[in-house]
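Structure, as C-alpha cells:
Just so you know, all these numbers are worked out from the coordinates, no wet-lab data involved. All values derive from a computational prediction rather than experimental measurement. With ideal geometry, Cβ positions are generated from the backbone for all residues, glycine too; neighbour counts draw on all protein chains shown.
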Amino acid sequence: MTWNEFIHMGGYGAYVWTSYALAGVVLIWNIVSPLLRRREVLRKLENWYRQEERSS
Amino acid sequence: MWAFFHKLASPKHFYRITGSWIPWLWTITLLLMIPGLYLGLWVAPPDYQQGDSYRIMFVHVPAAWMSLFIYMFMAVVGGIGLIWNMKMADIMAASSAPIGASFTFLALVTGSIWGKPMWGTWWVWDARLTSELILLFLYLGYIALHSAIEEPRTAARAAAILAIVGSVNIPIIYYSVEWWNTLHQGPTVTRMGKPAIHSSMLWPLLLMAGAFQMYFFTVLLMRARTEMLWRERRNRWVRELFGNYRRPSLSNNPEEVSS
C-alpha cells in the first residue's frame, strides 16, 4: 500500500477518516474530562478544608 | 487473594493501590491499540464486497461491544451496591456511565457513517439501530437521575435500579440482528464454530477490542479516584493527603498535591 492509497481508502477516505477522527475525539474527551474534574475537585477540597479551619 | 479484594473495597486502599496501576494500564492500552491500528488500516486487505469502507469496523465494533459491556458492568456493580450497600460500588457505576454513553454515541455515529456508503442511508429505524439508540438514552437517563438526587445513598439506589431494569435492553440489542430482519449484518466473530471473518481482519479487530477494554478500565479509574476524594472528604485519609494544602511544610506527599 502507498501513502496515496492509504489516504484515499479506495474512494471511502472521507467515511473512514471521519470515523477514526470521531473515535479520536471520544477517546481524548474521556481523558481530558476526568483531568478537568480532578482539578475542580482539588480546588473544591481546598476551599472545603479552609472553610472548616476557619469555622473551628 | 481475598484479603487483597477486601482491601480494594475500601476507598482509602483503592485510591493508593490503583494510583500505581494507571501508567501500566496506559502502556497495555497502547501496546494493543498501535498494532491494532497498524494491522487494521495498513496491513489488512480491502474487503471483496465493501472495499476499504469496512475498516470503520475496527472502531465501530469495539465501541459497540463496550457500550454493551459497560452497561452490564454498571448494572452488576449497581446491584452489588444495592445488596451490600457499598460506597465503592456506586462510585464505580456512576463513573462508568459517561464513558459508556460516549462509546454508545461513537458506535451510533460510526455505524451511520458506515451505513451511508454501504446501505445508501445514514439511518434506518430497524431493531439494532433503534435499540442501540435506546441504550444511549438509558445512559443519559442514568446520569440525569444520579445527578438530580442530592442525597448520595438515595441517588445510588435509584440509579442502580434504573441500570438493572434497563439491562433488559442488552440482550435485545445483542440478538436483534437474529430476531428481526434488518439491514445490519449478523454477528461474524461470535458465531458458533469458525468466525466468518478472515484472520487478517480478525486480529486487528480483537486487538482494538482489547485496547478499548483496557482504555475503559484506565479512564474509569481516573474518574473513580477523583470522585472518591470528594465523597470521602470528611475522612482522615483525604485530609492527610489534601487537608494541609496551604501548608507545604506539613504536606507529607507533595507529589499528590501538584498532580
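From the helices alone, meaning DSSP H stretches of at least four residues, give me the mean residue ellipticity at 222 nm for chain B, per-run term -39500 (n - 2.57), in deg cm²/dmol to the nearest 500. Could you put the intermediate results ahead of the total?
Values: 10 runs with 180 residues, N = 259.
The helix-only estimate for chain B comes to -23500 deg cm²/dmol at 222 nm.
Gain in length, B:Met72 to B:Leu183, computed as 0.36 nm per residue apart minus the alpha-carbon separation, to one decimal in nm? Provide the component values of the computation, followed by the final result.
Numbers: separation 111, 0.36 × 111 = 39.96 nm, distance 2.57 nm.
That works out to 37.4 nm of additional length.
Taking the Cα atoms only, what angle lies between the long axis of helix B:57-84 and the longest principal axis of chain B, rounded to 10 degrees?
Tilt relative to chain B: about 40 degrees.
Hey, what's the per residue convex hull volume over the C-alpha atoms of chain B, in cubic angstrom? Walk me through the intermediate numbers first.
Values: hull volume 42.0 nm³, N = 259.
Convex hull of Cα atoms, per residue: 162 Å³.
Within 10 Å of each residue's Cβ, count the other Cβ atoms and sort B:Ile28, B:Ile70 from fewest upward.
Values: B:Ile28 16, B:Ile70 25.
Least crowded to most crowded, the residues run B:Ile28, B:Ile70.
Relative to the longest principal axis of chain B, what angle (0 to 90°, nearest 10) does the C-alpha long axis of helix B:87-119 take?
Taking the Cα atoms of chain B, the angle to B:87-119 is about 20 degrees.
Any idea what angle helix B:22-38 forms with the longest principal axis of chain B, computed on alpha-carbon atoms, 0 to 90 degrees, nearest 10?
10 degrees
Taking a quarter of the surface of the convex hull around the Cα atoms of the protein assembly as shown, what do you get in nm²?
Mean shadow area of the hull around the Cα atoms is 19.4 nm².
Fewest to most neighbouring Cβ within 10 Å: what's the order for A:Thr2, B:Thr29? Provide the component values of the computation, followed by the final result.
Values: A:Thr2 7, B:Thr29 21.
By the 10 Å Cβ count, ascending: A:Thr2, B:Thr29.
Suppose R0 equals 41 Å. What FRET efficiency, 1/(1 + (r/R0)^6) with r the Cβ-Cβ distance, do B:Ala196 and B:Arg153 give to the nearest 0.05?
On the way: r = 48 Å, r/R0 = 1.17.
For B:Ala196 and B:Arg153, the calculated efficiency is 0.30.
Among B:Glu132, A:Glu5, which comes first, then next, by fewest other beta-carbon atoms within 10 Å? Don't skip to the answer; put the middle values down first.
Details: B:Glu132 21, A:Glu5 13.
With the fewest neighbours first, B:Glu132, A:Glu5 line up as A:Glu5, B:Glu132.
Counting pairs of alpha carbon atoms under 8 Å apart in space and at least six apart in sequence, what relative contact order in percent does chain B give? Could you put the intermediate results ahead of the total?
Details: 273 pairs, mean separation 75.3, N = 259.
Taking the mean separation of contacting Cα pairs over the length of chain B, I get 29 percent.
Residues in region B:69-110, backbone N under 19 Å from the label point at A:Lys44 (7 Å along the Cα-to-beta-carbon vector): list them, ranges by number please.
Taking a point 7 Å out along Cα→Cβ of A:Lys44, the residues of region B:69-110 whose backbone N falls under 19 Å are B:87-99.
Please identify the longest segment of chain B free of exposed chymotrypsin sites (Phe, Trp or Tyr not before Pro), where exposed means a DSSP state other than H, G, I, E or B and no more than 10 other Cβ atoms within 10 Å. Don't skip to the answer; put the middle values down first.
On the way: sites that count: B:Tyr48, B:Trp125.
Between exposed loop sites, the widest span is B:126-259.
Report, ordered by chain and residue number, the aspartates and glutamates lying within cross-link reach of A:Lys44, taken as a straight Cα distance under 19 Å and ignoring same-chain residues fewer than 8 apart.
The reachable aspartates and glutamates, counting only those whose Cα sits under 19 Å from A:Lys44, are A:Glu52, A:Glu53, B:Glu150, B:Glu151, B:Glu227, B:Glu232, B:Glu240, B:Glu255, B:Glu256.
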